[in-house]
Amino acid sequence: MKHIIKTIGLAAFALAFVGTAPAQDSVAGKWQAQFDSQVGTQTYTYTFNVDGTNLTGRAVGIRETGTNDVAITEGTVSTNGISFVEPLKIQDNDIRIEYTGKVSGDELKLHRKVGDFAEYDIVAKRVQTRDVQPEAQSAATPETNSPPAKQP
């Protein structure tokens, strides 16, 4: 009887541990967002890497006044979501942009706090690998209208 209880306990522990891993890894990859702000429309690409509870990566933002490409700092991942900081330098001013968010399928719902100036709720969409590959494949493989070859 002790053996059965020990086995059930170990199985429950293993399932609990496995259940948290996908939530942490689910944010890893590339995400894109576009939103309106006080400085106009901004288009962002976030690239995230996850190592345990540490979140690293880059934030690349494009707006009318220029482009920024910075390493994110203070990144964390937990069962409650993610948080990170995008440190920007604009016209010799250091601006701290704080993010908190949650992954929901292929959407990353973020709250973005820009210093003491503004706050936004934005949604980033996961960039699918298949979204990137077709361009490379179409250049390498010309399309034809002939039917596929029959297999013997």
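Given the condition among the aliphatic types (A, V, I, L, M) and more than 22 Å from Gly115 (Cα to Cα), answer yes or no: does some residue in the range 44-51 qualify?
yes
Identify all residues within the range 45-100 that are part of a strand (DSSP E or B) and charged (D, E, K, R); write none if there are none.
Asp51, Arg58, Arg63, Asp69, Glu74, Glu86, Lys89, Asp94, Arg96, Glu98
So, in the range 110-123, how many residues would count as being more than 20 Å from Arg58 (Cβ to Cβ) and among the basic types (Lys, Arg)?
Residues meeting the conditions: 0.
Among the residues of the range 62-80, write down those that are at positive phi and at pLDDT 95 or above.
Glu74 - this is the single residue of the range 62-80 that is at positive phi and at pLDDT 95 or above.
Quick check, is Thr65 closer than 17 Å to Thr41 by Cα, surrounded by fewer than 17 Cβ atoms within 10 Å (Cβ to Cβ), of a type in the set (S, T, N, Q) and free of Cβ contacts under 8 Å to residues at least 40 places away in the same chain?
Here the answer is yes, as Thr65 does meet what is asked.
The values are calculated or read from the model by the stated rules, or taken from the named source; none is laboratory data. Remember, it's a predicted structure, so these values are computed and weren't measured experimentally. Cβ sites come from the backbone with ideal geometry, for glycine too, and all protein chains shown count toward neighbours.
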